[in-house]
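Worksheet for the structure shown next.
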Amino acid sequence: MSRAYIFGLCGLIGALVVGIGEGMLQLQPGSDYGDAGYAYLGAIGVERQEMGYWMSVLAAPLYLLGYIHLCFNLAPHRPRLITVLFLIMAYAFIIATVWMGQRIFIAEAVRSVADGASPSGLVATFSAWNEPLINVLRAAIAIFSLAWVWFVASGQSRYPRWMALFSPAALVGLIFVVYFSVPAIGQWVLPTAMNTAHVLIFALSLLTLRPKRRSV
C-alpha cells in the first residue's frame, strides 16, 4: 500500500471518530439546532459530552493526513498548487478543532445558566467567541471544492470524472437538503454534517484509488 493510500485510511478513521465524538457532544434528536440559546447542548449528559470532546479533539489531526491523500491525488502534477491547497485546509481544520473543542464550554455555560449559577450573558459571550471560528473551515471547504470540481471534471486528477459531483461542499449541501426535506432522517446527520461529508469523500476516494491485485 502506498503512503498516500495509508494517509487516506487515516483520514477516513479520523472523520469517523471525530464524527462520532461530535455526535456525542451535540446530537440530541428532536432538538432545534438553530436555537441561539443552545438548549440542546445543555440537555446532553456530561459524561457523554466529555467522552465526545476527547474523541473529537484528539482524532481531528488525522484530517490533515486525509487531506494530504486528497490533495496528492487531486493534482499530482501541480505540486505548488496542491501544497497551497493543503496548507489552506490544514489551517482551516486546526481552527475548526478549536471551535469544536469549545462546544463543551458552551454546554457547561447553558447548564450553569439553567442552575442560576452564572450571569445570563455567559452563553452569549462564549458563543460570540466560538461561532465565527467555523467560518474559516467553511471558506476553505468552498475553495477546495471549487478546485476539486475543476481538476476532477477536467481530467487532471487521478479520480474518474464523475467524482467531480462529490466535492465536500456538495456533500454538505446534500445533507442540508436531506435535513430540510426529511427532518426525521436529516436530524441524525446534520449535527455532524462536515464529518459525514468527509467520511463519504474519503471512502469514495479510497474505493476509486484502491490498489489493483496483480494477476499471477
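The values are calculated or read from the model by the stated rules, or taken from the named source; none is laboratory data. Note that this is a predicted model, so its numbers are computed, not measured. Just so you know, the surface numbers come from the protein's heavy atoms only, side chains and all, with ligands and any DNA or RNA stripped out. Shrake-Rupley method; radii C 1.70, N 1.55, O 1.52, S 1.80 Å.
Give the accessible area for M51 in Å² (nearest 10); use a 1.4 Å probe, count only protein heavy atoms, and leave out ligands, DNA and RNA.
We get 110 Å² for M51.
For every helix of n ≥ 4 consecutive DSSP H residues, a contribution of -39,500 (n - 2.57) applies; sum these over the chain, divide by its total residues, and give [θ] at 222 nm rounded to the nearest 500 deg cm²/dmol. Spell out each step's value before the answer.
Values: 11 runs with 153 residues, N = 216.
About -23000 deg cm²/dmol.
To the nearest 10 square angstrom, how much accessible area does L58 have with a 1.4 angstrom probe?
The accessible area of L58 comes to roughly 120 Å².
Which sequence of W129, W54 reflects their accessible areas, 1.4 Å probe, from the largest down? Kindly include the intermediate steps, with their values, before the conclusion.
Working: W129 190, W54 150 Å².
Largest accessible area first, the list is W129, W54.
Gaussian network model of the chain, Cα springs within a sub-10 Å range: biggest mean-square fluctuation belongs to which of F72, F126, F93?
Answer for the Gaussian network model of the chain: F126.
Using Cα atoms only, what is the angle between the long axis of helix 62-74 and the major principal axis of the chain, expressed in degrees (0 to 90) to the nearest 10?
Once rounded, one gets 30 degrees.
Calculate the length of the line joining the C-alpha centroid of the range 151-185 to that of the range 1-50, in whole Å.
20
What is the angle, in °, between the Cα long axis of helix 168-181 and the longest principal axis of the Cα atoms in the chain? Nearest 10 is fine, range 0 to 90.
Around 50 degrees separate the two axes.
Using a Gaussian network model of the chain with C-alpha springs under 10 Å, which one of I20, I185, I95 is most mobile by mean-square fluctuation?
Answer for the Gaussian network model of the chain: I185.
What Kirkwood Rh does the chain have if only Cα atoms enter the pairwise 1/r average? Answer in Å.
Here the Kirkwood hydrodynamic radius works out to 18.3 Å.
Considering every pair of different Cα atoms, what Kirkwood radius, in Å, is found for the range 11-56?
When all Cα pairs of the range 11-56 are included, the Kirkwood radius is 10.9 Å.
Give me D for the range 58-98 in µm² s⁻¹, whole number, from Stokes-Einstein with Rh from the Kirkwood sum over alpha-carbon pairs, 25 °C and 0.890 mPa s.
237
Gaussian network model of the chain, Cα springs within a sub-10 Å range: biggest mean-square fluctuation belongs to which of A203, A164, A184?
Checking each option, the largest mean-square fluctuation is seen for A184.
Going by alpha carbons, how many degrees (0 to 90, nearest 10) lie between the helix axis of 3-26 and the longest principal axis of the chain?
20
Can you work out the accessible area per residue across the chain, with the rest of the protein chains kept in place, probe 1.4 Å, in square angstrom?
It amounts to 52 Å² per residue over the chain.
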